[in-house]
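The values are calculated or read from the model by the stated rules, or taken from the named source; none is laboratory data. In this text the structure is predicted, and so the values were computed from the model without any measurement. Counting neighbours? That spans all protein chains shown, and the Cβs are built from the backbone with ideal geometry, glycine included.
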Amino acid sequence: MNHRVTDYFPVRRSVRKTKSTVMEERQRTLERLLRCDVEEGLEVRYFADKGRGVVTSRPFTKGDFVVEYSGDLIDLNEARRRELKYAQDMNTGCYMYYFRHNNQQYCVDATAETGKLGRLVNHSRTGNLITRTVSVDNKPRLVLIAKDDIKAGDEVTYDYGDRSKESLKYHPWLAY
Amino acid sequence: MFEARLVASATFKKILDAVKDLLTEASFDCSESGIQLQAMDNSHISLVSLMLRSDGFDKYRCDRSLTMGMNLANMAKIFKCANNDDTVTIKAQDDADVVTFMFEAKKQEKISDYEMKLMNLDQEHLGIPETDFSCVIRMPSTEFARICRDLSQFGESIVISCTKEGVKFSSGGDIGTANVKLAQTNNFDKEEECVTIEMQEPVTLTFACQYLNSFTKATPLAAQVQLSMSDNVPLVVEYQIPDLGHLRFYLAPKIEEDEN
C-alpha cells in the first residue's frame, strides 16, 4: 500500500498567487513597459494659468504605471555643471529631478524638449501620482505611479518635493 | 501572444522522456515568470513539478498568462522530428486552441513547423508548502539511477535511510536482501561526482521502486540529483536544469506494515 501525494498536499481550489510572485510579475511588467518607452492613455493639455500639463485619456487604477520621468541620467557633478549653464537663461524651466537610488545620488535632466510626457507633468502637493525608482538593466529609472484611482480626463500631478528657500523664491507655486 | 525560443531543443526532449512514464497529458502554465507544469500520475502517488524560468530562454514573451493542455506522447512525437541541435520556438495566440512548434536547423537552411491541438484538462493543482527537510542528499544522478535499477531486482520497494554516517538504500524479497551505502565524499575536486549529505535528523522511509525508476529517466538532464526527505512528507527528487529551471518529482512514501 502506498500513501498518495494528496494525503500531504492540499488541493488548491483557486489559482491565487503568493505575494512574492505578484510582486515579481509587477516588476517584470514595469521593466517591459520601460524598455518599450510606453506612454499610453495620456495627452498634453494647455492650461491658461500654468502652461502645459498632462491629462489622462483613460482611467488608471491605483498602483498602475502612468509615465516615466525620462531624460538624461547624470551624476551630481554633471548636474551642477548643467544647473550653472541653465541658470544663465531665465527661460529654462526646472526639469532637474534629483533622487537617491541604492545609496547613490542621481539626477534625471529632462530640460531638452524631447516630446516625452513625463517632463510635462505639473506639481501639486496633493497630486495623484508618486515617484518611484526602478532598476532596468542596472540603470535607475524614475517612474510616476498612480497614487489613487484616476478618472479619464483628470490632470496628473505629483509633489516635486522641493521646498527650499531658493526654489520657492523663483517658483512660488512649489508651496501648493 | 506567447512565444518562447530555446536554442537547446534537446532539453525539451529530455524533459519529455523524463515524464512520459508518469504522465500522459499535462497542462503547461505559461506566465511572465516562465513555464510551469504540475501534475500527478494517475494513481496520485507521485507528482511532477517542472519550472522553466523565462530568463533561461533565448527569447521569451508572454503577454497574458495562459494554460496549454498537451498530450505528452504527441508532443514527444513532434520533438522526435527535431534534431538535437535544432532551435525550438513555441508559439501560441492568447486564446488559441493550437500550439506551434517551430524547429530551425543550426545553419538555418531548414525550418519546420508543427501545429498541435491543445486540450482542455481539468487538472487539480496541489499547494506544496515550503519545507525544511531533515535530510538533503546530493549525489551523481547516474549513481542514483544505478542504485534504483539494481535494488529493484530484489523487491518492490526501496528503504532509504539517512543518518550522519551516510545514506543507505536497501531492498529485500524472495531472493534475499540488498544494501548500498554511500558516505559523504571528502574529495571536492569534481563537484559532479560528490556525495553530500545535510542532516538535521535521521530519516528512514520506504518508497516504491517503480516510481523511483521512472524518476531516473531524468538523469540526462543533470549530473547531480538531490533527494530531500523528512518524516511524514513525500520524498523530493530534484534535477536542476542548468540555467533554465528544475524538474522535481514528489513521491509519497509506502504505508509501513505496522502503521496499519
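General remarks:
Matching residues to (1) outside the structural domain of B:MET51 (by TED's automatic domain parsing); (2) of a type in the set (Ser, Thr, Tyr); (3) under 16 Å from the mean Cα position of the chain (by Cα); (4) modelled with pLDDT of 95 or more:
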residue	(1), (2), (3), (4)
B:ARG149	yes, no, no, yes
B:ILE160	yes, no, no, yes
B:ASN187	yes, no, no, no
B:MET199	yes, no, no, no
B:LEU212	yes, no, yes, yes
B:THR216	yes, yes, yes, yes
B:SER228	yes, yes, yes, yes
B:ASN232	yes, no, no, no
B:HIS246	yes, no, yes, yes
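- Within the span defined as region B:65-81, one or more residues are exposed (fewer than 12 other Cβ atoms within 10 Å of the Cβ), modelled with pLDDT under 95 and in contact with a Lys or Arg (Cβ under 9 Å, 6 or more places away or on another chain).
- Evaluated against (1) among the hydroxyl-bearing types (Ser, Thr, Tyr); (2) touching a residue at least 40 places away in the same chain (Cβ under 8 Å); (3) touching a strand residue (DSSP E or B) at 6+ places or on another chain (Cβ under 6 Å); (4) loosely packed, with under 15 Cβ neighbours inside 10 Å, B:SER27 falls short on exactly one condition, (4).
- Odd one out for A:GLY41, checked against (1) touching a Gly at 6+ places or on another chain (Cβ under 6 Å); (2) within 25 Å of B:GLU32 (Cα to Cα); (3) away from chain B (no Cβ under 14 Å): (1)
- Of the residues B:GLY155, B:GLY172, B:GLY127, the single one that is touching a strand residue (DSSP E or B) at 6+ places or on another chain (Cβ under 9 Å) and loosely packed, with under 14 Cβ neighbours inside 10 Å is B:GLY127.
- Residue count for region B:102-125, restricted to those that are within 14 Å of another protein chain (Cβ to nearest Cβ) and among the acidic types (Asp, Glu): 2
- Qualifying strands (runs of 3 or more DSSP E) (wholly inside region B:156-260; at least 1 residues being within 14 Å of chain A (Cβ to nearest Cβ) and within 21 Å of A:THR6 (Cβ to Cβ)): B:157-163, B:203-208, B:224-229, B:235-241, B:245-251
- Which listed residue, of A:ALA48, A:ALA112, A:ALA87, is exposed (fewer than 12 other Cβ atoms within 10 Å of the Cβ) and modelled with pLDDT under 85: A:ALA87
- Any hit, region B:43-50, residues being in contact with a helix residue (DSSP H, G or I) (Cβ under 6 Å, 6 or more places away or on another chain), closer than 19 Å to B:LEU126 by Cβ and surrounded by fewer than 17 Cβ atoms within 10 Å (Cβ to Cβ): yes
- Filter result for B:VAL48 (over 29 Å from B:PRO234 (Cβ atoms) and aliphatic (A, V, I, L, M)): no
Residue-wise test of (1) under 12 Å from B:PRO140 (Cα atoms); (2) in contact (Cβ under 8 Å) with a residue 60 or more places away in the chain; (3) out of contact with any Ser or Thr (no Cβ under 6 Å at 6 or more places or on another chain).
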position	(1), (2), (3)
B:PRO202	no, yes, no
B:GLN210	no, no, yes
B:THR219	yes, yes, no
B:VAL225	yes, yes, no
B:VAL236	no, yes, no
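- Flag for B:VAL99 being farther than 22 Å from B:ILE241 by Cα, surrounded by 20 or more Cβ atoms within 10 Å (Cβ to Cβ), more than 13 Å from chain A (Cβ to nearest Cβ) and out of contact with any Lys or Arg (no Cβ under 6 Å at 6 or more places or on another chain): yes
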